[in-house]
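The values are calculated or read from the model by the stated rules, or taken from the named source; none is laboratory data. Worth saying up front: this structure is predicted, and the values here are computed from it rather than measured. Cβ placement follows ideal geometry from the backbone for every residue including glycine, while neighbour counts extend to all protein chains displayed. Note: areas computed on protein heavy atoms with side chains; ligands, DNA, RNA excluded. Shrake-Rupley method; radii C 1.70, N 1.55, O 1.52, S 1.80 Å.
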Amino acid sequence: MVIKASEYSAEIRVIKYLTPDVVADASVDGFRKYFLDRLNRLRSIIVLRSDMRDAISIAEAKYMKDHVKVVGLVYEKRNLSKNVILLKLEDESGMVDVVITSSSKAFKLAKEVLLDSCIGVEGNFRNGRIYAESIILPDVIPPPKPKDLPDIGIAFLSDLHVGSSLFLEKSLLQFIKWLRGELNIGHDLAESIKYVIIAGDLVDGVGIYPGQDKELKICSLHAQYESLSKLLAMLPDHIEVIVIPGNHDATTHAVPYVPLFKEYAEPLYELPNVHIFGDPLLIEIHGIKILVTHGRSLDDIISSVPGASFSCNGVLKAMQCMVRLRHLAPIYGGKTPLLPLDKDLLVIDTVPHIIHMGHVHVYGIGKYKGVILMNTGTWQEQTAYQKTMGIVPTTGIVGIIKLKDMSVKVMKF
Ligand code: D5M
Ligand code: FE
Ligand code: ZN
């Protein structure tokens, strides 16, 4: 029997996203509160581990001899030599130097530790420093899978960049035609799609980088959203579309992003099947938890983590790093501006079944400890900037997940 998504009603439960009424405090005190919340959230994840339950504060550790376990944010990271890494770890009680030598099993992990992320350290306190034996990341355990899932699918895509002269409109129209059953391929799969999720950079925007006007086909932000809404209006009525903004969209400058500004994206708000949220978005569809984020900080992670790069595996490595650190934008002071809220919405508090990102324009799909990681590339051809960077975009990619068995399929349009 062929399953038709049109026979199912939508089941979307929104768990978390940044609402437009947000108030951020960009003072020093505001940032202090923000990082304290980050520390508290991530520490509570780390101390859930049986081997970290007895972690003590940094101030207490300084009174101890020998063995200590502490949890803190990485304030500084330095290579003292080829074989020695120094981390300065901070909690609300103080700061301590942590020394990791290449003879320690913590050395490999220490190389990957990112600034401003939260880690646990186990080691010996001597001469005012902790000599680390192991580093403990928040990490994840696989989420329990809901039972009796319907035999329907979700299509994931990202970075359309509507309005750019490099936007691949023909490819997107092919995808839309496929969903409408107008192509002679994968009919059954097309009919099973109930949801389409788009992870930001819906339009190319205006004034995002110097000289962008030369690469634009549609020069007004409102007209870009109008063009996008005309495309999305062509989707079959039974499909629910879920969108979040990216750094090219009409939203706030710093992450997390508020939902698209109505003033510009009004044509999209008029579509009954389009659901507009902020970034990050944690949502549950038929009981499957999905974390959607544009992935703005992937650039920062790629430039800091060994093995992360603008390749399929390199992008997966960067996404995996976020998951292990349970944070979507750990580094402060890189390319990703952070909004100092009193709650750190970028912490991955709940382990989702699927994490979906875009931004880097390079596709990568894989699994980490039971969590499906998916970066769905772009619908924009290589830009002049990307050419100079050697970034080769993967275009026209749609990731499809069938809820029933959580199988992943990739289609190229
Ligand atoms: O970004 C797409 C990818 O290309 C992302 O990894 C950043 C990189 N990129 C693109 N343009 C620039 C500039 N001007 N500076 C630095 N990095 C850039 P997107 O968000 O689609 O522009
Ligand atoms: Fe993009
Ligand atoms: Zn982007």
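Things to note:
- Output for the range 281-299, where each listed residue is away from ligand 2 (no atom under 16 Å from the Cβ), open to solvent by less than 40 Å² (accessible area, probe 1.4 Å) and not small (Gly, Ala, Ser): Leu281, Leu282, Ile283, Glu284, Ile285, His286, Ile288, Ile290, Leu291
- Test: residue in the range 24-46 that is in contact with a strand residue (DSSP E or B) (Cβ under 9 Å, 6 or more places away or on another chain), surrounded by fewer than 16 Cβ atoms within 10 Å (Cβ to Cβ) and touching a residue at least 60 places away in the same chain (Cβ under 8 Å): yes
- Residues in the range 354-383 that are open to solvent by 10 Å² or more (accessible area, probe 1.4 Å) and out of contact with any helix residue (DSSP H, G or I) (no Cβ under 7 Å at 6 or more places or on another chain): Ile365, Lys367, Lys369, Gly370, Glu381, Gln382.
- The range 109-127: number of residues that are touching a residue at least 40 places away in the same chain (Cβ under 8 Å), more than 22 Å from the chain's Cα centre (by Cα) and open to solvent by less than 10 Å² (accessible area, probe 1.4 Å): 3
- Qualifying positions in the range 231-269 - within 16 Å of ligand 2 (Cβ to nearest atom) and either outside any loop (DSSP other than H, G, I, E, B) or β-branched (Val, Ile, Thr) (or both): Val243, Ile244, Thr251, Val255, Tyr257
- Which listed residue, of Asp300, Asp342, is of a type in the set (D, E, K, R), in contact with a Pro (Cβ under 9 Å, 6 or more places away or on another chain) and within 22 Å of Leu115 (Cα to Cα): Asp300
- Strands (runs of 3 or more DSSP E) wholly inside the range 316-412 containing at least 1 residues that are away from ligand 3 (no atom under 16 Å from the Cβ), at pLDDT 95 or above and among the polar types (S, T, N, Q): 407-412
Residue by residue, here is whether (1) buried (at least 21 other Cβ atoms within 10 Å of the Cβ); (2) within 16 Å of ligand 3 (Cβ to nearest atom); (3) at pLDDT below 95 holds:
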| position | (1), (2), (3) |
| --- | --- |
| Arg129 | no, no, no |
| Ile152 | yes, no, no |
| His161 | yes, yes, no |
| Ser165 | no, no, no |
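- For first residues located in the range 293-307 and of a type in the set (D, E, K, R), partners that are within 14 Å of ligand 3 (Cβ to nearest atom) and lie 6+ apart or on another chain with Cβ distances below 7 Å form the pairs Arg296/Asn247; Arg296/Val255; Arg296/Ala329; Arg296/Thr336; Arg296/His359; Asp299/Lys335; Asp300/Lys335; Asp300/Thr336.
- Every residue from the range 234-257 that is open to solvent by less than 30 Å² (accessible area, probe 1.4 Å) and either within 14 Å of ligand 3 (Cβ to nearest atom) or within 15 Å of the chain's Cα centre (by Cα) (or both): Val243, Ile244, Pro245, Gly246, His248, Asp249, Ala250, Thr251, Ala254, Val255, Pro256, Tyr257
- Looking across the range 300-315 at every residue that is open to solvent by 30 Å² or more (accessible area, probe 1.4 Å) and not small (Gly, Ala, Ser), the one that is farthest from ligand 2 (Cβ to nearest atom) is identified as Pro306.
- Just one of the numbered conditions (1) part of a loop (DSSP other than H, G, I, E, B); (2) open to solvent by less than 50 Å² (accessible area, probe 1.4 Å); (3) modelled with pLDDT of 90 or more is not true of Asp54: (2).
- Residue match in the range 189-204 (condition: assigned by TED's automatic domain parsing to the domain that holds Leu403, open to solvent by 10 Å² or more (accessible area, probe 1.4 Å) and assigned to a loop (DSSP other than H, G, I, E, B)): no
- Of residues in the range 1-22 being in contact (Cβ under 8 Å) with a residue 12 or more places away in the chain and more than 19 Å from Ile242 (Cα to Cα), the one surrounded by the fewest Cβ atoms within 10 Å (Cβ to Cβ): Val2
- Restricting the range 74-98 to residues that are among the aliphatic types (A, V, I, L, M) and open to solvent by 10 Å² or more (accessible area, probe 1.4 Å), the residue that is farthest from Asp139 (Cα to Cα): Leu80
- Selection from the range 167-183 of residues that are open to solvent by 20 Å² or more (accessible area, probe 1.4 Å) and either hydroxyl-bearing (Ser, Thr, Tyr) or within 16 Å of ligand 1 (Cβ to nearest atom) (or both): Phe167, Leu168, Ser171
- Candidate set: the range 384-402, residues that are touching a helix residue (DSSP H, G or I) at 6+ places or on another chain (Cβ under 9 Å) and either hydrophobic (A, V, I, L, M, F, W, C) or free of Cβ contacts under 8 Å to residues at least 24 places away in the same chain (or both); chosen: the one nearest to Ile290 (Cα to Cα): Ile400
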